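Colleague: I have a structure I would like to understand better, so I am pasting it below and will then ask my questions one at a time.
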Amino acid sequence: MPNIKWHSLPLGVREHLEERLRLRQLSKADLLKLMEWIRTNPEVPDGAWCKDFGTFKLVGHGALPSSFLEKDQPCFGVRI
Amino acid sequence: MLAFVQFLEELSTDHVTLTPAEVQRMRARLGDKTLQMGHLEEDGSLSIPVDSIVAAVQSLGSQRLNEALENLKSEQMVSMLESAEALVERIAEAQRRKLGRMIDEFQAEPDGAKAHRQWKEIEKTVFGVEYPD
C-alpha cells in the first residue's frame, strides 16, 4: 500500500482549493481535519480511492492525489 | 557559551528536524500522536515548526516541562510519561490554532495578492510542501 505523494498535487487542484477556501465553500474545521489526516502518513490503495472530509472529498489513484470534489459530488474508488 | 549559541541558532530556524531514529523512538513511547507535531518527510524524519514548540513549552509550565524532558531522555521514567504526552499534544495543538488563525486572516484579507501569499503559507502548513507558483 503506497503513501500519498503530496509533491505531485496538481497546480490547478491547489488553485481550486484556494478559491473555495477563500469563498468559505469549505470549512476551516475540515481543512484542519485534512492536515491531521495528512500527518498520519496514511496508506492508500493502489487503485482509485476517495476520502470524505465533510465539506469536500479528496480522490486519488495510488500514491497520486488527483482532485478535491464538492461535498455533493459522488465518491469513486475505494472509500478510505 | 557554545550551548547558548546553539540554542539561539535553533530558535532562529523555522523548523527543528527530528531524525528518523528519534521519530521511531517517540512513536514507540507516545504513539502516533507524535506525527501530529509536524510533517513526516520521505526519509522518515519529522519537521516541527519552532514557534509551535515555543508556544507549547510556554503553556506547559516549568515543572511539567522538566518532567517531559526527563521522560524523553530516559527509557524508564514511566510515571512522567503523561508530561511528555502533554508536550507533544500541545505542540500539535499550537499548530492547529496557528492554521486556524491563518485561515481566518486569509478569508478576511481584501487584497488578493496578499491573500495569495497567505494561501501559500496555508498550503505549506497543510501539505508540508513548498509548491512553486
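The values are calculated or read from the model by the stated rules, or taken from the named source; none is laboratory data. Computed from a predicted structure; not experimentally measured. Ideal geometry is used to build each Cβ from the backbone, glycine not excepted, and the neighbour counts take in all protein chains shown.
Colleague: Hey, could you check the range B:119-133 for residues that are in a loop (DSSP other than H, G, I, E, B) and charged (D, E, K, R) and say which is surrounded by the fewest Cβ atoms within 10 Å (Cβ to Cβ)?
Modeller: The extreme case among them is B:Asp133.
Colleague: How many residues are within 20 Å of B:Gln24 (Cβ to Cβ) and modelled with pLDDT of 75 or more when one looks only at the range B:73-98?
Modeller: Residues that pass the stated criteria total 7.
Colleague: Of all the residues that make up the range A:65-80, how many are without any contact (Cβ under 8 Å) to a residue 60 or more places away in the chain and surrounded by 14 or more Cβ atoms within 10 Å (Cβ to Cβ)?
Modeller: Of the residues in that region, 8 qualify.
Colleague: Are any of the residues in the range B:102-118 in contact (Cβ under 8 Å) with a residue 24 or more places away in the chain, out of contact with any Lys or Arg (no Cβ under 8 Å at 6 or more places or on another chain), more than 9 Å from chain A (Cβ to nearest Cβ) and assigned to a helix (DSSP H, G or I)?
Modeller: no
Colleague: Is at least one residue of the range B:73-90 within 30 Å of A:Pro65 (Cβ to Cβ), assigned to a helix (DSSP H, G or I), under 11 Å from the mean Cα position of the chain (by Cα) and not hydrophobic (A, V, I, L, M, F, W, C)?
Modeller: Checked against the condition, which is being within 30 Å of A:Pro65 (Cβ to Cβ), assigned to a helix (DSSP H, G or I), under 11 Å from the mean Cα position of the chain (by Cα) and not hydrophobic (A, V, I, L, M, F, W, C), the range B:73-90 yields at least one hit.
Colleague: Hey, among B:Arg25, B:Arg90, which residue is over 25 Å from A:Leu34 (Cβ atoms) and surrounded by 14 or more Cβ atoms within 10 Å (Cβ to Cβ)?
Modeller: B:Arg25
Colleague: Sticking with this structure for a sec: Residues of the range A:1-49 being more than 7 Å from every other protein chain (Cβ to nearest Cβ), part of a loop (DSSP other than H, G, I, E, B) and surrounded by 18 or more Cβ atoms within 10 Å (Cβ to Cβ), which ones?
Modeller: The answer is A:Ile4, A:Leu26, A:Val44.
Colleague: So B:Lys73 passes all but one of these: (1) without any contact (Cβ under 8 Å) to a residue 12 or more places away in the chain; (2) within 12 Å of chain A (Cβ to nearest Cβ); (3) of a type in the set (Lys, Arg). Which condition number does it fail?
Modeller: Every condition holds for B:Lys73 apart from (2).
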